[in-house]
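Below: one structure, written as structure tokens.
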Amino acid sequence: MSPAGTTTNKLRKQSTTSPLVTKGADWDVDRVTGERKDPTNMLHSLAHDFDGPQHGKQPVLETGEPPRPAREVVGIFPAKIWKQVISSLDLVDEASLSVSARAFHGLCDPRALRYLNDPALFRARCEFLARLNYALPNHLLCYICGRYHVRIQAGKETLRPTNVANPLFTCPYANTLEPRLKLSRHRITFGRSLPFTFVQLVTRHHHFGPQYGIPHDSLSKRYKDKEEIGTWSHQTRYAMIDDHLYMRVVSTAFAQPNLPASGMRHLLYSREDFTPFFSVCAHWRDGELMPSCKCALGHIPVPLEGGGVDRMAKELQARVQKPKSAIVSQCERCKALRRCPECPTEYLIEVRLQEDKAEKDLTKFFKQALIVTRWSDLGDGSAPWCPEWAAIQGDLDHLGKQDRYDSFKQLGRRAISGTFESWFNPEQVPPQHLLSLNPEGQRLGEKGHNWY
């Protein structure tokens, strides 16, 4: 022992931890990047990363304390305080609290659950029932009647064409002709649509586990339009990003140069409902979408005709005047990435040289194709009236300007396409400049003339 009043230098083990690394409960974490520094601790931490309230478990607040009986919690404060707290809750929260425990049921208004049966409070009823998703893996909430129905294809739900009967549950109002009781579905392309029930299944699978729904990859498809309908081929892909379901649809069609106005319409529009063959949102008629597609078709170069010496002379003259390139140069109007200002949707129009595998003439194997890519945020799947889904469907168009969805205000400068592409490949992001699809803010719909 050292004498009093003297100091000694003790040997201490030098710390190997970086000053930017903090010691966590089970691993070292970089305070700047959040990266785990110890590979061994990283492997052990996997048991903690997947041991959360998801995968079918009811969400629980992790306070570090053992659960306490409801009567003991209620006894902490007098009834007067609890009444004041409950009076500040809305109807859905009060109904949820009343069914959480018998002790809370005595404090809440016993009529709270009966109020939810009022047809005028249908949305509040669905919001209350949606909170029970974690407890009903074999059921699906029906937003037509506001009840849970048994899934008749549990775990085997598959997205099929629109003209194929594909019921996921049995609802007494399924065949009604009343528009208010129709199942909400979004048109993807001609003959293909996405019912909101599949958005529910994907988001439930993401939040609670495989037994609650289907993975988002199961929605991705490759298909072609029938020859008598159109010459388009489509590829859809989905992703769950920040608890929202994102969709990308790539539509391709080979096009001839110097198409007249009637030829462009024949290529772009379905003759049955005069809707584009490719995927569009509810606001496609207003703005620059269809004029940009026609502008892109006008940039397809005309191939040289003739043969022998005349053809060689034309090719030589073309090379001297302008180097021959397979890349089509589009103008500023049709090559920009455009975002719909009234819903979370973006479009990119391209003219690209592609292989036509159905062509037997090898000299015409490569052709110019019009490619329209659409990215959309379909929302969190909470309800058909969630802002993103309702905006894409056009259900918010009747509201005032202040109440409608403003995509530039909601999304900011980060593009939906960039968010989607970086989720799959962080190094591949569309570099195009982002412009408004409807810069003049016109809302003419079918009364307009530019769309057709």
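The values are calculated or read from the model by the stated rules, or taken from the named source; none is laboratory data. Note that this is a predicted model, so its numbers are computed, not measured. When we count neighbours, we look across all protein chains shown, and the Cβ atoms used for this are built from the backbone with ideal geometry, even at glycine.
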The lone exception for residue 141 - which of (1) closer than 21 Å to residue 96 by Cβ; (2) over 21 Å from the mean Cα position of the chain (by Cα); (3) part of a strand (DSSP E or B) it fails: (2)
Scan of the range 84-98 for residues that are surrounded by fewer than 17 Cβ atoms within 10 Å (Cβ to Cβ) and either among the acidic types (Asp, Glu) or farther than 19 Å from residue 123 by Cα (or both), ordered by number: 84, 85, 87, 88, 90, 93
Residue tally, condition assigned to a loop (DSSP other than H, G, I, E, B) and basic (Lys, Arg), over the range 108-134: 2
The range 116-139: number of residues that are farther than 19 Å from residue 181 by Cβ and among the small types (Gly, Ala, Ser): 1
Top-ranked residue of the range 293-309 - restricted to ones that are exposed (fewer than 10 other Cβ atoms within 10 Å of the Cβ) and assigned to a loop (DSSP other than H, G, I, E, B), ranked as modelled with the lowest pLDDT: 307
In the range 99-134, the residues that are in contact with a Gly (Cβ under 9 Å, 6 or more places away or on another chain) and under 20 Å from residue 82 (Cβ atoms): 103
The range 125-137, residues that are surrounded by fewer than 18 Cβ atoms within 10 Å (Cβ to Cβ) and either under 22 Å from the mean Cα position of the chain (by Cα) or at pLDDT 95 or above (or both): 130, 131
Residues being farther than 28 Å from residue 204 by Cα and either touching a Ser or Thr at 6+ places or on another chain (Cβ under 6 Å) or modelled with pLDDT under 90 (or both) - total across the range 382-408: 7
Matching entry among 287, 230 (being part of a loop (DSSP other than H, G, I, E, B), touching a Ser or Thr at 6+ places or on another chain (Cβ under 8 Å) and under 16 Å from residue 452 (Cβ atoms)): 287
Unmet requirement for residue 153, which otherwise passes all of (1) closer than 20 Å to residue 383 by Cα; (2) not in a helix (DSSP H, G or I): (1)
Residues located in the range 193-232, provided they are crowded, with 20+ Cβ neighbours inside 10 Å, under 20 Å from residue 248 (Cα atoms) and over 16 Å from the mean Cα position of the chain (by Cα): 232
Breaking point among (1) closer than 25 Å to residue 345 by Cα; (2) out of contact with any helix residue (DSSP H, G or I) (no Cβ under 6 Å at 6 or more places or on another chain); (3) not in a loop (DSSP other than H, G, I, E, B), for residue 202: (2)
Neighbours by Cβ (under 7 Å, 6+ apart or cross-chain): first from the range 257-285, within 21 Å of residue 341 (Cβ to Cβ) and assigned by TED's automatic domain parsing to the domain that holds residue 374; second part of a loop (DSSP other than H, G, I, E, B) and aromatic (Phe, Trp, Tyr): 276/284; 278/232; 285/451
